[in-house]
Every structure is written in C-alpha cells, then in structure tokens.
Amino acid sequence: MKLELGLIQIKDIQFSKECKVENGTLFVNADEVKAFAFADDDVKACVKDAHFDIAKPGESVRITPVKDVIEPRVKVEGPGGEFPGVIAKVDTVGTGRTHVMKGMAIVTAGKIVGFQEGVIDMSGPGAAYTDFSKLLNLVLVCDPVEGVHQHEYEHAVRIAGLRAATFVGELARNVKPDEIKTYETYGVKEGWEKFPNLPRVAYVHMLQSQGLLHDTYVYGVDAKKSLTTILNPTETMDGAIISGNCVSACDKNTTYHHQNNPVVEDLFAQHGKTLNYVCNIITNENVYLADKQRSSDWTAKLCRLLDLDGVIVSQEGFGNPDTDLIMNTKKIELVGVKTTIITDEYAGQDGKSQSLADADPLADAVVTGGNANEVIILPKMDKVIGTLDYVDKIAGGHAGSLRPDGTIEAEIQVITGATNEMGFGCLSAR
Amino acid sequence: MRRGTDYRILTNNPLVVRCMEEWYSIDYLEAGSYRDVLVRARDLVYAGHTLFTHPLAGSVKPNETPYRSIVVSREPHAFSAEQAEIVSNSLTAFDKFSEKDWQWSEKVLADFQLIDYTLLAGAMEFDAAAGLDKERNRIPDTNKK
C-alpha cells in the first residue's frame, strides 16, 4: 500500500473575506468555516455558538480548555477521503495522494468536562512542553446549548472540529506541494522476499477505549467494540483514527497525534534499511478485565501469526491502561517477539515513585515520554482563548492553581501533549 | 448490557446508584472515599470474589477524583492470584499520589460522578445515555427493562 503526502508549508493565517491558500498564507473566512462546521444536525443541536481565533507561535496567548487538535488534509488522488466513516465515506484510505497543510492546526476549545481538558501556551516556559505551541493554530471555541449532556456535546464538538479541518484542508486541493513524501508497505510474502535479511517489525498501537468521553474511533467504529486488528500504517496517516476522548491532557492522543504518529514516521524512516515495517496492530484499552485478556491474547496471536521479530508498543493514558500495556507486552514476549514500550510516568512530584501502575520482568525495554507530575509555573498570558474558569479543576491543577496575578502553578499534565506516549514531544530520560 | 446476575458494584458514586440500581446489586459506600472502595474490592477479591473491572479509573488520576466504582462477583468463587495482584497494585498506585487540597464545587463533583459512571457503564455495556435520561427525566417504573 503506497501513500504520497504532498506537504504544503503554511507560514501564516489571516482572517479574510475569501478562503484560499496563497504563497504559504492561509486566508480564511471564519463565517464560511463556521457555516460548514454547523451544517451537521448534531453540531446544530448541541453547540449554541462558536467563534474562531488565531494563535501564533511566540504570542502571549493561552488556549484552554483544549479538546482536540487536528491537521487539515485533503485526499487529492485515490480512494476515500479524510476521516473515513466519520466525515468522508467509509472507503479504505492509505493509498493515492493526500495534501497536508503543515505548520498549522485546527484546535477545538471550550468546556466539556471541567477537569480533563488542557492548556496550550504559545510562548513562555509552558510552550516548550507542547509542540502545538510551534503551530499556527486556528482555534474553534464552542459553547454548549444549555442542558445538553456532556457526551452529546463531546460528539458535537468533535464533529465540528473535524468538519472545520475538512473545510480548511479542501483549500489545499489545488495547491502545489512544497515537498512530496512517499510511504509504502508490502504484503506479507512480498515484504519477506524484498527484505529477506531484515527483522520484521510492527507497531502495537493501543487505543484509549474506556467508555463515553474516553473513546477512539477507527473508520468511525468505537474501538472498544472492536477486536484487536491490523491496519496498514498509511491508513493511520490518512485519518483512519480519530480522537474522541476527554482524558487528561498530557498523554491524550489528539487526532493530530494519530495523523502524525511519530512511531509510524520513524518506522518508515528505517523501513527497508534496518527493518521491515510490516503493519500496525491496533488494540483497545477496555475497563472490563475479560476484554483486556481477550484483546491482549489477540495482540500476541497476531504478532506470532505475522512471524514478527519485534514490536513497539505505545499506550494512551495511565492507571488502568498500564495493565493492558503489561498484558500485551508480557504475552507478546512469551510468543518469542521482542518488545519495546513507549509510555509516560506518574512518578510523583519528586520523581521517586514507581512510574506505572503495573509491571513485569519481561517488560524490560521502556522509553519514557516524561514525568507528568513534574511541577511547572506558567506565567500570565496577555490573552486567553477559551476560558481560565477551569484551570483549578483540570487534571494536574488544584485549588489555588490559578493565582490572583494570573500565573498558574500546576503539574505538566495540564499541558496538551506534554508527555505524549507515542513519543511526540521532546521530554524523555537517559 | 452484560447480564448482571453475578455482579456486585462497589461504589461511592451517587449517580451510579441513581442510574443503575434497578438493574444491579450495588454496595453503596455512601460516606466512603475512593480508597475505601479500593480496599473493599481488595478484601473481597482476597476472599475469592471475581474482579470484573479494573480497579483504577481510565485517565482520571487517583486523588484527582473522589469517586470510584468497581465490579466484583456477588458471591465468592475461587481465589485468583492474578486478580489479587491487580487489585493490590492498584492500591499501591493509589497511595503514591499525595493528598491535595481539593475544594470541588457541586458542578465539578457532578462532572467527576459522570466520568466514573460512564467508565463503569462502558465496562458493563450498560446504555449510559439511557441511564442518564432516566436520571434526567425520571422515567416511571413502568419503563423498566
């Protein structure tokens, strides 16, 4: 399966009467994007009002509470469209050509569940903890219709964000890309014949799937209702997986993370050189213990069936998913396949506590995305997009987090993407 | 919805009681803490009750929410060392989070109740939305499933 990504570097975003991309600048008419986002019954029913704002790197701007971050893309050749099964029809994606607007994102913001949404600072010490501070962000701030349930509203804001990204992505359809990158994986036999001496490696991609407000969707299917299965890596790059959760900010995989999964990118960089990148195995993180057992059994079974030599395993979340992580790792090791884990840590503010809620001697190769309990002081910003009403209440904040002078003292788990467990970010340990 | 004949829900979350009590056997630890629910689960698992759901919540960190719901079997069956390990590791994980000075408003408490309830409902394949509608609309008993 072969996918071309046509990368279009966006260097500036400006509000304008017309919508277009010209010389690297995105001109956007906020009313038109809003009209497209609202042309959905659920959005109309649950979102009372919405407005757009622009946040640029280096500005004294704080975006909070952040729900999702999405990269605008458009399918220009080949089957399917962006966010299959949710926005586009459910055709299989991952082939042909997709245009990508690099250097920018759609960010959805607004209160859904008071304590679970995060912060993106565009400058200052907090900016160093999130790569989203380096993007030009077109922020969609939503307000709920009174009385609507949180889970209905989460769905509506999710769809509004994806629709806004679809509208903006469409503007890149006829733009000549600055760079074209090609990604290709092969069938089992074909790959084996092509790279007979290279180790066969897959990516075990664990998806958050614990219930309402804690879900991930694959081709529109709620991951908790799916058995462990296989994806071509290019499908992930092409919008097959979207975030539908309001879990804590630092280790939540936003849709942007799925689109730009660094494990996929890095495995492709080594594909055909030091390893043969076979596929992605997607598995869930359900609350019910029998589901955990079934899913991890299936992960190990697929690893053996594919005659893999090694896998990289990434998880999403902390606590309960640590058990899935260890079950997967242990069972995969026991069928003779080497594993390396990517996770983050909750090691206490002094970093001295055990990092994960579960452990096993077979899980002896771990890469960390950082300690989420680390304390940071975020200075006051001149402008807030969204509201600071919930800073005291988000995970990692506490009563008194928001000081009278506007600074915030909190753990870095308040920062969106700070300790991402795909390794998307710059924190680690040696 | 999973068949509930052998389920016992241990919870300190009043929303779980309101939405689910018609269908499940519930041990409501009304004045209990998150830790109290974990301890009750541990004691029952040590006594041979089957642990059906993971004792730790999704991504809500211990000591950041006051509510927890855990499902065990109504009756003891057989001791499982693996489950005993999961439940005792969970208690260890809980204890490493320091107490914080939470002063939650009613609104935030309601959010925490909702998250705990939806996680539980997801595990039980219980229709969380229908439970909430019942809560909101107070459907009369004639609508019992």
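Every read-out reported here was derived from the displayed coordinates using simple, explicitly stated rules and does not represent laboratory data. These numbers were taken from a predicted model, which means no experiment stands behind them. Methodologically, a virtual Cβ is constructed for each residue, glycine included, from the backbone with ideal geometry; neighbour enumeration extends over all protein chains shown.
Suppose R0 equals 51 Å. What FRET efficiency, 1/(1 + (r/R0)^6) with r the Cβ-Cβ distance, do residue A:340 and residue B:6 give to the nearest 0.05? Given R0 = 51 Å and the Cβ-Cβ separation, E is 0.85. For the stretch A:2-414, a/c is not less than 1.5, where a ≥ b ≥ c are the root eigenvalues of the C-alpha gyration tensor, and a/b does not top b/c. That puts it in the oblate class. Residue by residue, the stretch A:233-248 carries 3J(HN,Hα) couplings of x, 5, 5, 4, 5, 9, x, 5, 10, 10, 7, x, 10, 10, 7, 4 Hz when phi is fed to the Karplus relation 6.51 cos²θ - 1.76 cosθ + 1.60 (θ = phi - 60°); x denotes Gly or Pro. Shielding of peptide A:349-360 by partners, expressed as the average count of other chain Cβ atoms within 10 Å per residue Cβ, is 3.
Per residue of A:144-150, other chain Cβ atoms within 10 Å of the residue Cβ number 2 on average. Peptide A:372-379 is shielded by partner chain Cβ atoms: per residue, an average of 1 of them sit within 10 Å of its Cβ. For the listed residue pairs A:48/A:383; A:383/B:107; A:224/A:292; A:11/A:102; A:2/A:102, the alpha carbons are over 18 angstrom apart in A:48/A:383; A:383/B:107; A:2/A:102. Protection proxy ranking for A:55-62, B:67-74, A:85-92, using the average of other Cβ atoms within 10 Å per residue and placing the highest first: B:67-74, A:55-62, A:85-92. Centre-to-centre, using Cα atoms only, the stretch A:228-273 and the stretch B:18-55 are separated by 36 Å.
Amide H contacts of residue A:365 (H built 1.01 Å from N, in plane; Pro and chain starts excluded): A:341 sit under 5 Å, all sequence-distant by 5 or more or on other chains.
One decimal place: the segment residue A:15-residue A:403 gains 136.3 nm when fully extended, by the rule 0.36 nm per residue minus the C-alpha distance.
In this structure the amide hydrogen of residue A:78, modeled in the peptide plane, comes within under 5 Å of the amide hydrogens of A:97, none closer than 5 places in sequence on its chain.
The alpha-carbon of residue A:44 sits under 18 angstrom from the alpha-carbons of these aspartates and glutamates, leaving out residues fewer than 8 places away in its chain: A:31, A:32, A:143, A:146, A:152, A:154.
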